[in-house]
Amino acid sequence: MSRIPLTPVESVGPAARDFMRRRGELNAFRLLAGAPKVFDGWSAMVDAQLDSRTFGPRLRELVVLRIAHLQRCTYQIAQHTYAGPRTGISAVEISALSAEGPVSGFTDPESTVLDFVSELCTTGTVTEKTFAATRTVLDEPELSELLLLVSLYYGLALVLNAVDPDVDHDARPEPSS
């Protein structure tokens, strides 16, 4: 149960209502809408990330799922495990993203990006070797955008872990028979 009450959708401002109409009335959004002075700016950044063509939906979801697992963010894991298959991520690949160490089973460019994300999220920085390897698959604008994507979902995982909102109904695992 959420430690901070979720904002009713009908009580948010027009920009927040439009954002939730397009992106979903998710508990994470309803939680953050409780900070109306910054929610519109935050949601604009989410829109920019999700609408950007720099990374395809699959790579973006791989990054988000890796962050979710590294942060042990139950909410993000559930939401993005539900969303992952719609971007071409298999159940085996989703499972691989939960590995404690390096992940395997991905293309070379995907593995390079996931190694970068893993190192950054577990150590707070990246080595010159990892940075150089990532620059072989991403140019400077792409690398900058990756860093912003990591900061968005890593920060969101911290908020969600602190507040513990319920996983949205659609993303809840099916009960075992």
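Inspect all residues belonging to segment 133-143 and state whether any of them is modelled with pLDDT of 95 or more, buried (at least 17 other Cβ atoms within 10 Å of the Cβ) and closer than 22 Å to residue 27 by Cβ.
No: segment 133-143 contains no residue that is modelled with pLDDT of 95 or more, buried (at least 17 other Cβ atoms within 10 Å of the Cβ) and closer than 22 Å to residue 27 by Cβ.
Restricting attention to segment 126-168, which residues are assigned to a loop (DSSP other than H, G, I, E, B) and within 21 Å of residue 59 (Cα to Cα)?
126, 136, 137, 138, 139
Can you tell me which residues in segment 45-103 are open to solvent by less than 30 Å² (accessible area, probe 1.4 Å), part of a loop (DSSP other than H, G, I, E, B) and among the aliphatic types (A, V, I, L, M)?
89, 97, 103
Somewhere in segment 56-67, is a residue at pLDDT 95 or above, under 17 Å from residue 144 (Cα atoms) and over 12 Å from the mean Cα position of the chain (by Cα)?
Among the residues of segment 56-67, at least one is at pLDDT 95 or above, under 17 Å from residue 144 (Cα atoms) and over 12 Å from the mean Cα position of the chain (by Cα), which makes the answer yes.
What is the residue count in segment 50-93 for residues that are within 20 Å of residue 161 (Cα to Cα) and of a type in the set (Val, Ile, Thr)?
Residues in segment 50-93 being within 20 Å of residue 161 (Cα to Cα) and of a type in the set (Val, Ile, Thr): 6 in total.
So which pairs qualify, if the first residue must be in segment 95-111 and among the acidic types (Asp, Glu), the second must be part of a helix (DSSP H, G or I) and open to solvent by less than 20 Å² (accessible area, probe 1.4 Å), the Cβ gap must be under 7 Å, and the two must be at least 6 apart or on different chains?
110/62
List pairs: first residue in segment 122-150 and in contact (Cβ under 8 Å) with a residue 24 or more places away in the chain, second residue among the hydroxyl-bearing types (Ser, Thr, Tyr) anywhere in the structure, Cβ distance under 7 angstrom, at least six positions apart or on different chains.
Listed by first residue and then by second, the contacts come to 137/112; 142/54; 145/52; 145/54.
With respect to residue 15, is the statement that it is in contact (Cβ under 8 Å) with a residue 24 or more places away in the chain and open to solvent by less than 40 Å² (accessible area, probe 1.4 Å) true?
Against the criterion (in contact (Cβ under 8 Å) with a residue 24 or more places away in the chain and open to solvent by less than 40 Å² (accessible area, probe 1.4 Å)), residue 15 does not qualify.
The values are calculated or read from the model by the stated rules, or taken from the named source; none is laboratory data. Just so we're clear, the structure is a prediction, and the values are computed from it rather than from any experiment. Neighbour counts run over all protein chains shown; Cβ positions are idealised from the backbone, glycine included. These accessible areas exclude ligands, DNA and RNA; they are computed on the full protein's heavy atoms, side chains included. Shrake-Rupley method; radii C 1.70, N 1.55, O 1.52, S 1.80 Å.
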